[in-house]
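Student: This is the structure, below, for whatever I ask next.
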Amino acid sequence: MWKSIFVLLTVFVLTICCFADNPRFRTKFESTNGKRSITYRSGKWIFGDSTSLEKYKIVDNGFTSMTIFISNNGQNIVVIDDYMVGHKIGNRNALWFYNNGKFVKSYRLNELISDTCNISQSVGHTEWCLEDFEMIDSKNLFTLSTFELTEFIFDLTTGEVISNKKPDIFDSKSF
């Protein structure tokens, strides 16, 4: 009897573990040159560089499960929710721009993708963009591509969309 209960309980626990989907949790990001960083402490992200422990703070919006990019000069920060925890999409923010610690602009997911059929969902998170993000400091640009194969180019200082287009290799018959 006890063996049967133990086996059933073990199978039940292992079955539940099969549906696990661990969230990401990062509390520190650095610029590509390693001279600037942003660290999570007590509900705020603290930006600093090698000459100062703290230059400014940014209020957290659940950024620990997201990706943060810092320009090499430390002036611009981009936060992208590339690993959305949960399945509530709606008007959820997916992209934030900051300039010198001040919030500049954000984009909701439905402003970046046109059809929610073009996202990927696992048991615990949602993905909507390819992992080809790039911050081009010399030109003050940030680029990303969605699963809809739309390439976005943003101005880092204003957060405005400079361009959103399909790759040049596609023509009107591709869609």
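The values are calculated or read from the model by the stated rules, or taken from the named source; none is laboratory data. Computed from a prediction, not measured in an experiment: that's the story for all the values here. With ideal geometry, Cβ positions are generated from the backbone for all residues, glycine too; neighbour counts draw on all protein chains shown. For the accessible areas, the whole protein counts, side chains as well, though only heavy atoms, and no ligand, DNA or RNA atoms are used. Shrake-Rupley method; radii C 1.70, N 1.55, O 1.52, S 1.80 Å.
Student: As a test question: what accessible area, to the nearest 10 Å², does V85 have when a 1.4 Å probe is rolled over all protein chains in place?
Tutor: My reading of the accessible area for V85 is about 70 Å².
Student: With a 1.4 Å probe and all protein chains left in place, how much of the accessible area of segment 62-175 comes from carbon and sulfur atoms, in whole percent?
Tutor: That fraction is 48 percent.
Student: By accessible area of protein heavy atoms, probe 1.4 Å, what ranking do E148, E131, E30 get, highest first?
Tutor: E131, E30, E148
Student: Once the other residues with Cβ under 14 Å from the Cβ of T150 are scored (Lys, Arg +1; Asp, Glu -1), what is the net sum?
Tutor: -4
Student: First check a/c for segment 57-175, with a ≥ b ≥ c the square roots of the eigenvalues of its C-alpha gyration tensor; if it is under 1.5, answer rounded, and if not, answer prolate when a/b is larger than b/c or oblate otherwise.
Tutor: Taking the square roots of the gyration eigenvalues as a ≥ b ≥ c, segment 57-175 is oblate.
Student: Could you give the Stokes-Einstein D for segment 39-120 in µm² per second, using the C-alpha Kirkwood radius, 4 °C, 1.567 mPa s?
Tutor: For the chosen part, D equals 94 µm²/s.
Student: Moving to a separate point now. Compare the peptides 65-76, 105-116 by average per-residue count of other Cβ atoms within 10 angstrom and give them in order, highest first.
Tutor: 65-76, 105-116
Student: Okay, next question. Hey, what do the phi angles of segment 130-139 turn into as Karplus ³J(HN,Hα) couplings, whole Hz, using 6.51/-1.76/1.60 and θ = phi - 60°, x for Gly and Pro?
Tutor: Result, ordered by residue: 6, 8, 10, 5, 8, 9, 9, 4, 4, 10 Hz.
Student: Continuing with the same structure: Please list, in order along segment 31-42, the HN-Hα scalar couplings obtained from phi with the Karplus expression 6.51 cos²θ - 1.76 cosθ + 1.60 (θ = phi - 60°), rounded to whole Hz, x for Gly and Pro.
Tutor: Values per residue, Gly and Pro as x: 5, 5, 7, x, 8, 10, 8, 9, 10, 8, 8, 6 Hz.
Student: Given H placed 1.01 Å from N in the peptide plane, which residues other than close sequence neighbours of L156 have an amide H under 5 Å from its amide H?
Tutor: HN-HN under 5 Å from L156: L141, F142.
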